[in-house]
Amino acid sequence: MQKAHGRLYIDGNDFGDEDGYLGYQGHGEIDVAAGQALVVFEDYTGAFDYAVHSHLRFKLGDGAKLTRVVILDEPETAVSVRQSTVETAPDSVFKQYVFSTGAKFQRFETHVRHAGHGAIVEMNGAYLVKDKRHFDLTTRVSHGEINGLTDQTIKGLVKDSATAVFQGRIVVEKGADGTDARMRHQALILNDGAHIRAKPELEIYADDVKCAHGNTIGALDEDAMFFAMSRGIPEEAARAMLTHAFVLPVADAIEDEVLRETVLNFLENVSEDFYAV
């Protein structure tokens, strides 16, 4: 079968009301047939006051590949809950990249049913949250079959009185031998008053597996700041360089050149507000 490479753009532009909240709800289903490939770019923006709940269901056939790139750049007054479920298949590949600036309340939730048997799941993301914004990234991957791979890297920057939440869970069910699952969450708190709540979890009920998870939350590396400034780089420029470089690896991993450049430009624009604290 000849492999087709499709592209899909989802424009999630929601508008509210200056005098009160408007509500939206949506549901969609996307199937990627066996041996086919699809790149999905979801761009969520908006204006004024609104509340939205959306759900997307993705289903992959044997050997299919789905790359999902999501930008969440909603107004500070928005309330949004965006959920998705993903059903993989043997030898399929699902790659997800999520980038967020938060909102009044913003939750992005992904549940993956891992088919094993050579299937690969990568779930990566970066958040840059400031002012009084809130961002909640929740993921769950359930391994129910043998020889499945999951790799997850989440990075974040939080400043002012903003709050970020990461809830990641990987479940390796009984009999899912040969599973290789890894989860990493790394975040920087740039000032007192900002908050990060992280809860990475592994539940393992199989024996022959390779699983690991890590969670690192700290401040900007003062040694790196000192090194940069000792080389004549001004403090603000040094801080800009280090904060920007912290989240770049997530975007650099995007294979699609056009979307990678789109995300890099987005990160460059929003990270300017994180140079000073």
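The values are calculated or read from the model by the stated rules, or taken from the named source; none is laboratory data. On a predicted model such as this, the values are computed, not experimentally measured, just so you know. FYI the Cβ positions are ideal-geometry reconstructions off the backbone, even for glycines, and counts take in every protein chain you see. Just the protein is used for accessible areas: all its heavy atoms, side chains included, with ligands, DNA and RNA removed. Shrake-Rupley method; radii C 1.70, N 1.55, O 1.52, S 1.80 Å.
Let's see how each residue does on (1) of a type outside the set (Val, Ile, Thr); (2) under 25 Å from Val79 (Cβ atoms):
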position	(1), (2)
Ala103	yes, yes
His111	yes, yes
Ala126	yes, yes
Thr138	no, yes
Ser142	yes, no
Asn147	yes, no
Asp151	yes, no
Lys159	yes, yes
Ile170	no, no
Item to check | Options Ala115, Ala194: the member that is in contact with a Pro (Cβ under 6 Å, 6 or more places away or on another chain) and either surrounded by fewer than 24 Cβ atoms within 10 Å (Cβ to Cβ) or at pLDDT below 95 (or both) | outcome: Ala115
Checklist entry - Is it the case that some residue within the stretch 15-30 is crowded, with 19+ Cβ neighbours inside 10 Å and within 22 Å of the chain's Cα centre (by Cα)? => result no
Checklist entry - Where residues in the stretch 213-232 are of a type outside the set (Ser, Thr, Tyr), open to solvent by 40 Å² or more (accessible area, probe 1.4 Å) and at pLDDT 85 or above, which of them is nearest to Ala187 (Cα to Cα)? => result Ile217
Checklist outcome for this item: Only unsatisfied item for Tyr44, checking (1) more than 24 Å from Asp91 (Cβ to Cβ); (2) without any contact (Cβ under 8 Å) to a residue 40 or more places away in the chain; (3) more than 18 Å from the chain's Cα centre (by Cα), is (3)
Item to check | Members of the stretch 129-157 found to be surrounded by fewer than 24 Cβ atoms within 10 Å (Cβ to Cβ) and not in a strand (DSSP E or B), listed by number | outcome: Lys130, Asp131, Lys132, Gly144, Glu145, Ile146, Asn147
Next on the checklist: Let me spell it out: the conditions are (1) surrounded by 17 or more Cβ atoms within 10 Å (Cβ to Cβ); (2) touching a residue at least 40 places away in the same chain (Cβ under 8 Å), and Val172 meets all of them except one. Which number is the exception?
Outcome noted: (2)
Checklist entry - Pick from Asp131, Asp151, Asp91, Asp177: which is out of contact with any Phe, Trp or Tyr (no Cβ under 7 Å at 6 or more places or on another chain) and either closer than 30 Å to Asp192 by Cβ or polar (S, T, N, Q) (or both)? => result Asp131
